[in-house]
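Structure, as structure tokens:
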Amino acid sequence: MARDIQERIKKLIIDSRLPSGASLPTEPELMARLGVSRNSVREALKALQAMGIVEIRHGFGTYVGPMSVAPMIEGLAFRTVAGHYRGEDSLLQLLELREAVETGLIARLAGRVPEADLAELDALVDRMDAEAASPEGAVRAETDRAFHAALYRGLGNLLLGEVLEAFWDAFHKVRTDLVDVPQDPRVTCRQHREILEAVRSGDALRAERAIREHFGNIRTRLGSPAPRDTSNSSFDR
């Protein structure tokens, strides 16, 4: 019953073409429309709020939520931490998931990244070089993240961008909490510059190799061997 009410409210949002921030019918209106009790409506709305589908503003009403992937980030992070403490290679599994996605996309970018984005990527790699040469001697996670976000922006897929951000957030949140992953900033800079130059040159195979090397380096830093390649295709980062 609870799941059915949630689905009917979601259908109401879709059928009414309601955007994020739009006001939903009041609880009495939902009770009358759905033919259910107030408690049932409230339970359904609470569940939908947890998923980011609706937003309950006490004293004001209920609105269509941001429908972000934030719950996905929290779920990925929690699953990875729980798996780690059960003795599973959950951090590696999350890395491989992100690797598979990025590997499948990089060839599409070769020779197609807009000049403005290439200029931004150049600036980010230069920033990595400066950070590597600083007293801290490490590339900042924010710079690395900005590089990957700018790299895939040209695909024009907003949902893809959110999913990649979710993978990034979950992986780095868990990595920071669970594992001290050593980093050679010179290798990090070189690999990102190679990815950039491969994409700029339009060489899809070179871009795939660069991504594969990058992910392989992270896997090595995690202390895990590279997966055995059972086909002629590759999942790289």
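The values are calculated or read from the model by the stated rules, or taken from the named source; none is laboratory data. Since the model is a prediction, treat every value here as computed from it, not as a measurement. Every residue, glycine among them, receives a Cβ derived from its backbone with ideal geometry; neighbour counts consider all protein chains shown. These accessible areas exclude ligands, DNA and RNA; they are computed on the full protein's heavy atoms, side chains included. Shrake-Rupley method; radii C 1.70, N 1.55, O 1.52, S 1.80 Å.
The table below lists the values:
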{"quantity": "Rounded accessible area of LEU151 (nearest 10 Å², 1.4 Å probe)", "calculated": "0 Å²"}
{"quantity": "The chain, relative contact order [Cα under 8 Å, separation at least 6], %", "calculated": "21 percent"}
{"quantity": "Within the accessible area of region 24-95 (1.4 Å probe), percent carbon and sulfur", "calculated": "56 percent"}
{"quantity": "Label corresponding to semi-axes √(5λ) of the Cα gyration tensor in Å when calculated from the structure given, among [x] 34, 31, 14; [y] 28, 22, 19; [z] 41, 21, 17", "calculated": "[z]"}
{"quantity": "Relative packing of 185-193, 129-137, which averages over residues the other C-beta atoms within 10 Å, highest first", "calculated": "185-193, 129-137"}
{"quantity": "Computed FRET value (nearest 0.05) for ASP184 with ALA32, which takes r as the C-beta separation and R₀ as 45 Å", "calculated": "0.10"}
{"quantity": "Accessible solvent surface per residue of region 23-148, calculated while the other protein chains remain in place, 1.4 angstrom probe, Å²", "calculated": "54 Å²"}
{"quantity": "Computed accessible area, MET67, all protein chains, 1.4 angstrom probe, square angstrom", "calculated": "90 Å²"}
{"quantity": "Trypsin sites (Lys or Arg not before Pro) within region 51-95: DSSP coil, no more than 16 neighbouring Cβ in 10 Å", "calculated": "ARG86"}
{"quantity": "Span-like helix ranges in the chain, DSSP H, alpha carbon extent 15 angstrom or more, Kyte mean at least 0.0", "calculated": "70-85, 90-109, 158-178"}
{"quantity": "Theoretical gain in end-to-end length, ALA82 to ALA22 [0.36 nm per residue, Cα-Cα removed]", "calculated": "17.9 nm"}
{"quantity": "Cα extents of region 1-102 along the three principal axes, largest first (Å)", "calculated": "50, 27, 25"}
{"quantity": "LYS10, LYS173, LYS46, reordered so the largest accessible area comes first (probe 1.4 Å)", "calculated": "LYS46, LYS173, LYS10"}
